[in-house]
Amino acid sequence: MHLTILYRGSLVSCNYGCEYCPFAKRQQSAAELTIDRQSLERFANWIVDHPQHEFSILFTPWGEALIHSWYQQTLVRLSQLPNVRKVAIQTNLSCSLDWIDQANPDCLALWATFHPEWSNLDRFLERCNDLHQRGIRFSVGVVGFPRFKEAITALRQRLPQAIYLWINAVKAELPQLTDDDRAFFQSIDPLYELNTHHYPSLGKSCKAGESVISVDGEGTMRRCHFIKTAIGNLYDPAFETALVERPCTNETCHCHIGYVHLDYLELDKVFGAGILERVPIAYQRDEFVRASSQS
Ligand code: SF4
Ligand code: SF4
């Protein structure tokens, strides 16, 4: 069996203070962080102990996880396992990248977000170039506020062309955007419009709950991050019995990490093996290298 897991433990803290984020500058006590670390260890041990299955894993923390050594070391460890196809994480890329040398570059991937009011452009680009040179697959995103247009232009100009820069459409603000704003975002991110919809999902077939699940620090399984009903527990020896086809029970789905699994959208054809780290097939390394060598 191949199972995709979106893991979100009890981390709810961040070193950045983005005003659009509920976790901005939130801190956790040493005791709270210890619980998160132990939960993560338990999860990684469980993956090691299930060599009969293959896994793709995306860490979607509420806050910044990569500033903690235990996330870095867990990514290294998971990336080296023969039963892990992909291990990816959402990050603000503020951490040092020293640990990355120990990871398997064919398995590790990053979903990096540039936050213009907190990230230093030079430092961010240094890290992007470093990742690019090491052959780590990653995407870069920015929240789609018109006030970030200048920063987005500078980022696009200096980011290697092979790197996909996506714009996270702020759904609540879409009615306030001008045609120029939308055209600008679309010129940066060819898939921007795709991210501007609330996709009808009620009763629709979705991989979430069957071959894709969300798991928290206690092992509680949910079909996705957007439907809170538990469907089982990963640490239950019979966890597999919970993995069945389940039509969606929400009216709509509007977040990339959800709707990419809606069958009728066929977004696996757009993202292929880069679906977790949000890298479209057109940007994936081999194809890009082939395309540039032919031009
Ligand atoms: S970097 Fe991410 S988690 Fe941290 S405050 Fe900004 S949006 Fe929130
Ligand atoms: S469509 Fe979205 S909300 Fe519905 S099950 Fe799939 S991921 Fe979850």
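Using a 1.4 Å probe on the protein heavy atoms, what percent of the accessible area of the chain belongs to carbon and sulfur? Mind showing how you got there, number by number?
Values: 6770 of 13320 Å².
After summing per-atom areas, the C and S share lands at 51 percent.
Rounded to the nearest whole angstrom, the semi-axes of the ellipsoid equivalent to the stretch 2-294, taken from the Cα gyration tensor as √(5λ), stand at 28, 23, 20, largest first. Residues of the stretch 113-132 falling in the label zone of Arg147, defined by backbone nitrogen less than 18 Å from a point 7 Å along Cα to beta-carbon, are 114-121. Taking 7 Å steps out from each Cα toward its Cβ at Ser205 and Arg156 produces label points 3.7 nm apart. Within the listed set Glu218, Glu41, Glu240, the Gaussian network model of the chain (springs between alpha-carbon atoms below 10 Å) gives the highest mean-square fluctuation for Glu240.
For the stretch 143-282, what does the accessible surface come to per residue with a 1.4 Å probe? Please give it in Å². Walk me through the numbers on the way to the answer.
Numbers: 6360 Å² over 140 residues.
With all protein chains present, the stretch 143-282 gives 45 Å² per residue.
If you build the convex hull over the alpha carbons only and average its shadow over all orientations, what do you get for the stretch 147-259? Give it in nm² to one decimal.
The directionally averaged projection comes out at 9.4 nm².
Dipole of the stretch 178-295 computed with +1 at Lys/Arg Cβ and -1 at Asp/Glu Cβ about the Cα centre; of Pro237, Ala282, Thr196, farthest Cα towards the positive end is Pro237.
Only Cα pairs under 8 Å and at least 6 apart count here; give the relative contact order of the chain as a rounded whole percent. Write out the running numbers ahead of the final one.
On the way: 513 pairs, mean separation 48.8, N = 295.
Computed over the chain, the figure is 17 percent.
Would you please report the Å³ per residue occupied by the convex hull of the alpha carbon atoms in the stretch 176-220?
Numbers: hull volume 7.2 nm³, N = 45.
Dividing the Cα hull volume of the stretch 176-220 by its residues yields 161 Å³.
For the pair Val270 and Lys25 in one chain, pulling the backbone fully straight at 0.36 nm per residue adds 84.7 nm over the alpha carbon distance. Per-residue Karplus couplings for the stretch 210-224, computed as 6.51 cos²θ - 1.76 cosθ + 1.60 with θ equal to phi - 60°, are listed in order as 10, 10, 9, 9, 10, 9, 9, x, 8, x, 4, 9, 10, 5, 7 Hz, Gly and Pro entered as x. Between the stretch 192-210 and the stretch 1-67, the C-alpha centres lie 24 angstrom from each other.
The values are calculated or read from the model by the stated rules, or taken from the named source; none is laboratory data. Small disclaimer: the values here were computed from a predicted structure and weren't measured. Please note: Cβ atoms are built from the backbone with ideal geometry, for glycine as well, and neighbour counts cover all protein chains shown. These accessible areas exclude ligands, DNA and RNA; they are computed on the full protein's heavy atoms, side chains included. Shrake-Rupley method; radii C 1.70, N 1.55, O 1.52, S 1.80 Å.
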